[in-house]
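The values are calculated or read from the model by the stated rules, or taken from the named source; none is laboratory data. As the structure is a prediction and not an experimental result, all values here were calculated from the model. No Cβ is skipped: glycine too gets one built from the backbone with ideal geometry, and neighbour counts run over all protein chains shown.
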Amino acid sequence: MKVLSREANDFKISLEIFKNWFNLMPVPEANPKSVENSVPLLNLYEADFYAWTQEQATLLRSKQWNQVDLPNLIEEIESLGKQQRQELRNRLSVLLGHLLKWEHQPQRRSRSWLATLRVQRRDTLRLLKDNPSLKPDLDDALQEAYENARDLAMGETDLPQQTFPLSCCYSLTEILDDRFYPGESSLLLDDSES
C-alpha cells in the first residue's frame, strides 16, 4: 500500500471532489457554442488551443457548467501530470548521458558538459521539489531514462556499445549530487569552484 504525501493526498481528494461535482452538473449540449464568439468549443479546441483554454477558464469562473467542454478539459488535466513525468525522464536522460560521457571520455570533457550536468541536476531537483508525488516513480523513470542516456552516450562518443553498462551504475543520490563526477578527476572541477 502506497503512503501518499499530504500534498498528493489533498490533490487526490480535490480531484475526487471535482469529479463528483461535475457528475452532478447537467450534461453539456452536443455542440456547445463559445460565449464570446459563437465558435463551437470543440472546433475551438482543435483550431486554437490557447483560445480554448482561456474560454474554459472564463466558463469555469462564471460557473457556466453546461458550456464547459468537459471531455477535453478532463483529458488536458490528465495530460498535465503525464508531462511532468515525461520532463523528469527527459532531464534524467540528459543528465545520465552526460555522466556516462564524462566517465568514459575524460579527454573530451568540457565546460559545456560541466554546465549541462549542473543545470540538469538543479532542474531535476526543482522538478521533484515542485512535484513531490513524482518521487515514487523515480526508480521507473531512472530505468527508462538510462536506456535513452546509454543511446545518447553511444551516439555522441562513438565508443562501442559494451563500454556502457546495460543498467545504470550510479545511485540516485550520486546522480543528483553536485559533487559527483564519475571517472578520473578533472581540472575543470577545480577551475569551476574557484
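What number goes with the only condition from (1) buried (at least 18 other Cβ atoms within 10 Å of the Cβ); (2) assigned to a helix (DSSP H, G or I) that CYS168 does not pass?
(2)
Given the conditions (1) surrounded by fewer than 17 Cβ atoms within 10 Å (Cβ to Cβ); (2) part of a helix (DSSP H, G or I); (3) in contact with a Phe, Trp or Tyr (Cβ under 7 Å, 6 or more places away or on another chain); (4) modelled with pLDDT of 95 or more, and given that PRO182 satisfies all but one, which numbered condition is not satisfied?
The failed condition is (2).
Matching residues to (1) aromatic (Phe, Trp, Tyr); (2) more than 23 Å from ARG89 (Cβ to Cβ):
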| position | (1), (2) |
| --- | --- |
| VAL119 | no, no |
| THR157 | no, no |
| LEU166 | no, no |
| ASP177 | no, no |
| TYR181 | yes, no |
| LEU189 | no, yes |
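Of all residues in segment 57-107, which are in contact (Cβ under 8 Å) with a residue 24 or more places away in the chain, more than 23 Å from SER185 (Cα to Cα) and among the charged types (D, E, K, R)?
Matches in segment 57-107: ASP69, ARG85, GLU87, ARG89, ARG91.
Here is a list of conditions, (1) under 14 Å from the mean Cα position of the chain (by Cα); (2) charged (D, E, K, R); (3) modelled with pLDDT of 95 or more, and GLU78 meets all of them except one; can you say which number that is?
With respect to (1) under 14 Å from the mean Cα position of the chain (by Cα); (2) charged (D, E, K, R); (3) modelled with pLDDT of 95 or more, GLU78 is out only on (3).
Could you look through segment 157-194, keep only residues that are aliphatic (A, V, I, L, M) and in contact (Cβ under 8 Å) with a residue 60 or more places away in the chain, and pick out the one that is farthest from LEU134 (Cα to Cα)?
Result: LEU188.
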